[in-house]
Amino acid sequence: MTQLKNLKGVDIIFLSSTDHNELKPNHGLFQMFEFFRDNLSMKSIFVSTLHSIYENKEDVFDISSLGGTTQLAAHVNFSLRNTHLSEWRTYFEPGSRGEAKYNKMVSKLLIENLPEHKLIIVADKVEVEFMILEKLIRHFNSKFMIISAVNNTWTGFCSYPKEYNCDKFANGGCDANCPAIIGNKKYDSNYVNKNYLLTQWFIKRNFDSIYLNVGCSFSLNEANQSILFKDVKKCVIPLKNVQEPDSFEQLWDLKCSNRLGISESILKDSSIEFDHVLMWSAYSATQSRKGMNFFIESLTMLKNMMPEEQFKRILIVVCAKKDKKTYDVLQSLEAPILWLFLDREAYTSMMSACDIYCSTTISDAGPRTTYESAAMGTPIVSFDNCNASDFLNDQNGALVPTYDCEQFALELHRLLSLNEEDKKKMSYNLYDTYRKLMDTKALADKWENFFKTTEVFERDV
C-alpha cells in the first residue's frame, strides 16, 4: 500500500466497502467520486475495503487485503462486524476492553496506509466504525461527511423510518423496540441501541468536524427532525447519476425508436395490443416502502374511471424480481402485463418507451428511478415525497399526496388523456427541468461554495 500512502495533495478520500453494486457500475458513492474528480478543484481518491472492480492504483484503490485472511471491511464496517461474522458476537465479553484495543489496532493500520487528506466521505455511517473513524480524523486533522446517496442515515438503525411508520429517530431516540428488527433474528435487541448511542457519542465529540449531504428537500426535512443529526451542518446537493441525452430532439427520436422496437417485439411474440404503457419498477415488488400495494389500488381505481376496453389497452410494465402473488393480483385487473427484470441498458430503453412512470415509493434517499425517468423525458406520477418533491409539477407529470390512491388514479387518467402534442410538450418540460436541476457546472459550483463557506478545508478551494 506504499503507493497509496505516499500520494500527495489528497483533499478527499471517498471510503466504501465497494465501488460497484452487484458488479454493476451504479454505485452512488463511486459516481459521486467521479463527479468530484472530473469537475471540482479538490483532489479526490476512492478507497474500497471489501472489493473493487475499478482499481487503477492512481485514484482508485483496494485495501481489502489489509484485513488479512478476512477482508478489511469486516473489521471496520459496523454492520459487517456485528452481524455477519459470528465470532464478533462472542469475541468481546461485556465489560472487557477487548473491543477498544481492537479498534485502536485497526485504526493504526488505516493511519499507516492512508495518505494525508482533508476530508473523508462515506455513503453510510456504518462503513467505518465510529471509534475507528474518530482516531483517523483526529490523527489527520481531517473532517467527515456522510453523503446520503442510497441510505438515509439519520436514525439509530434503519435507513427508511417512514417504511416502518416510525418516528423514534425524531422523538425519544431509537431503542431495542425498533420495529425494523422485531422478528429479525439477524439482530439482537441491543444492536439498535448500541448503534444509536455510538452515533450520539461520535457526533457530540466531533461535532465541528461532521457534515451531511442530503439529495433533496424531503430528506433534509427528515434529517432536520433527527435527534442525532438535526444540528449537524448540512447541504442539499443532488447526486447526478443519470446522464440525459444532449438535446430534446435526440431524446424524442430515441423515445420513438424505443417505443416502436418494443411494440414490434411484443406484438410479434404475443396477442397483446395496447395504446398506452405504464411502468413501475423496484428491485423487489415485495419491498413495502416501494408501495406496490398502492400502485395496484390506483390501477383498480383507474379501471373504474375508464371504459373497460380502453383500460384493457393499457400495457402495465413491471420491472422487478418476479413475485407470483403480486403478478396474479395484477393479472386480475385484466389489462396486459409485462413483468421483466432487466439490465441497465434494457431498463433505460424500456423507461424511454413508456408513456408514464409510476412512483409509489414511500421512503428513499432517491429514488434513482425518478431521475432516470426525468432524464428520458418520461412523465412521472409520484407520491409527494423523496426527490420527486423537488422537480415534479402538473406541467411535467404529477405530484400526488402520499397514500392518496384516488388522486394518483385521477392523475394517471389526466396524463393518458393528453393529445400527442401535449404529451410531447410534457416530455420536453420534464427533460428541461431535469437538465437544469442536474446542470454539471451548477452542481460543481454548489459543492465548491459549500466547502468554501463552511471552511471544510480551512482554505479557499
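Any read-out appearing in this document is the output of simple, stated calculations on the displayed coordinates, not a laboratory observation. Keep in mind the model is a prediction, meaning the values are calculated, not measured. For neighbour counting, all protein chains shown are included, and Cβ atoms are generated from backbone atoms with ideal geometry for every residue, glycine included.
Selection among Ile203, Met351, Ile380 by position relative to the dipole of the chain gives Ile203 as farthest towards the positive end (Cβ unit charges, Cα centre). Think of the chain as having a plus end and a minus end, set by charges on the Cβ of Lys, Arg, Asp and Glu; of Asn304, His413, Gly28, Gly28 sits farthest toward the positive end of this dipole. Helix-derived [θ] at 222 nm for the chain: sum -39500 (n - 2.57) over DSSP H runs of at least 4, divide by residue count, nearest 500? My calculation for the chain gives -12000 deg cm²/dmol from helical runs alone.
Once the chain from Asp384 to Leu418 is taken as fully extended at 0.36 nm per residue, the excess over their C-alpha distance is 10.0 nm. Exposure proxy ranking for Thr369, Thr2, Thr286, based on other Cβ atoms within 10 angstrom of each Cβ and starting from the fewest, stands as Thr2, Thr286, Thr369. Across the stretch 403-418, the residues whose backbone nitrogen lies under 11 Å from the label position 7 Å along the beta-carbon direction of Gln310 are 413-418. Shape of the stretch 6-78 from its Cα gyration tensor (a ≥ b ≥ c, root eigenvalues): rounded if a/c is under 1.5, otherwise prolate when a/b > b/c, or oblate? Judged from the Cα gyration tensor, the stretch 6-78 comes out oblate (a/c at least 1.5, b/c at or above a/b).
The Asp208 and Glu406 beta-carbon pair, evaluated with R₀ = 41 Å, returns a calculated FRET efficiency of approximately 0.25.
Counting only Cβ charges, +1 for Lys and Arg and -1 for Asp and Glu, the dipole size of the chain around its Cα centre is about 1700 debye.
Net charge near Asp231, counting Lys/Arg +1 and Asp/Glu -1 over other residues with Cβ under 15 Å of its Cβ? With Lys, Arg at +1 and Asp, Glu at -1, the net is +3. Relative to its residue count, the chain spans a Cα convex hull of 152 Å³ per residue. In terms of distances greater than 31 angstrom between alpha carbons, the cross-link table entries Lys186/Lys240; Lys230/Lys324; Lys162/Lys325; Lys118/Lys185 yield Lys186/Lys240; Lys230/Lys324; Lys118/Lys185.
Taking K and R as +1 and D and E as -1, what net charge do the other residues with C-beta under 9 Å from the C-beta of Pro161 add up to? In short, -1. In this entry, the stretch 248-437 is assigned a mean projected area of 9.7 nm², taken as a quarter of its C-alpha convex hull surface.
Model label points for Asp323 and Asn113, set 7 angstrom from Cα along the Cα-to-Cβ axis, are 4.0 nm apart.
Nearest 5 is fine: what % of DSSP beta bridges in the stretch 1-71 come out antiparallel, could you say? Once the DSSP bridges in the stretch 1-71 are tallied, antiparallel ones form about 10 percent. The distance separating the Cα centre of the stretch 270-297 from that of the stretch 248-264 comes to 21 Å.
Here the stretch 399-461 and the stretch 182-241 have alpha carbon centers that stand 25 Å from each other. Between the amide H of Cys235 and those of Leu212, Asn213, Val214, distances stay under 5 Å, these residues lying 5 or more places away or on another chain, with hydrogens modeled in the peptide plane.
Checking every one of the GluC sites (Glu not before Pro) in the stretch 269-350 against DSSP loop status and a limit of 12 other Cβ atoms within 10 Å picks out Glu273, Glu334.
Along the chain, counting only trypsin sites (Lys or Arg not before Pro) with a DSSP assignment other than H, G, I, E or B and at most 11 other Cβ atoms inside a 10 Å radius, the longest segment between sites is 187-458.
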